[in-house]
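For reference, the structure is listed below as structure tokens.
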Amino acid sequence: MRGPVVFRSVKRRRCGACRVGPLTLLVLADGEPRCLDCVDLGHLVYLPRGDTALTLRSRQESALSAVVVRFHRRRGRYERQGVLVEEAALARAEARCLADAEARARRRER
């Protein structure tokens, strides 16, 4: 896994450095929650899970990416919710996916 892990918070938490809150996405740094701006991840955009080709290509295009996870209480584990990638990388990945959408659809039918 490359890049930091970002947590999707269930509780209403504030940033330990700038006291902004409540945070929906946070990074644990030095044992306390930090907002994305304080850890220099504020420029990344959220890409929810679901489209595997788009996620893979956007992570390949992006110089910096982070995995977003959320704790599932019933299952007792963290589950992946999506990724944070650079906006330009997401645009390039969407263009690549549109270019070969027909070929991927034919492969799925087989």
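The values are calculated or read from the model by the stated rules, or taken from the named source; none is laboratory data. Note that the structure is predicted; figures quoted are calculated from it, not measured. All Cβ positions, even for glycine, are placed from backbone atoms using ideal geometry, and neighbour counts span all protein chains on display. To get the accessible areas, we keep the full protein, side chains included, count just its heavy atoms, and leave off ligands, DNA and RNA. Shrake-Rupley method; radii C 1.70, N 1.55, O 1.52, S 1.80 Å.
Annotations
- Loop-located trypsin sites (Lys or Arg not before Pro) in segment 53-94, at most 16 other Cβ atoms within 10 Å (DSSP): R73, R74, R75
- Principal semi-axes in Å for segment 1-46 [√(5λ), Cα gyration tensor, largest first]: 16, 11, 11
- Net charge dipole, the chain: roughly 780 debye, given to the nearest 20, about the Cα centre with Cβ charges of +1 for Lys and Arg and -1 for Asp and Glu.
- Neighbourhood net charge (11 Å Cβ-Cβ; Lys/Arg +1, Asp/Glu -1) for A89: 0
- Alpha carbon centroid spacing (whole Å) that separates segment 22-56 from segment 77-110: 19 Å
- Mean-square fluctuations from a GNM of the chain, with a 10 angstrom spring cutoff on Cα atoms, peak among A99, A63, A91 at A99.
- Å² per residue, accessible surface of the chain at 1.4 Å: 67 Å²
- Pairwise FRET efficiency - L98 versus C18, Cβ, R0 = 41 Å, nearest 0.05: 0.60
- At 0.890 mPa s and 25 °C, Stokes diffusion of the chain via Kirkwood alpha-carbon radius, µm² per second: 161 µm²/s
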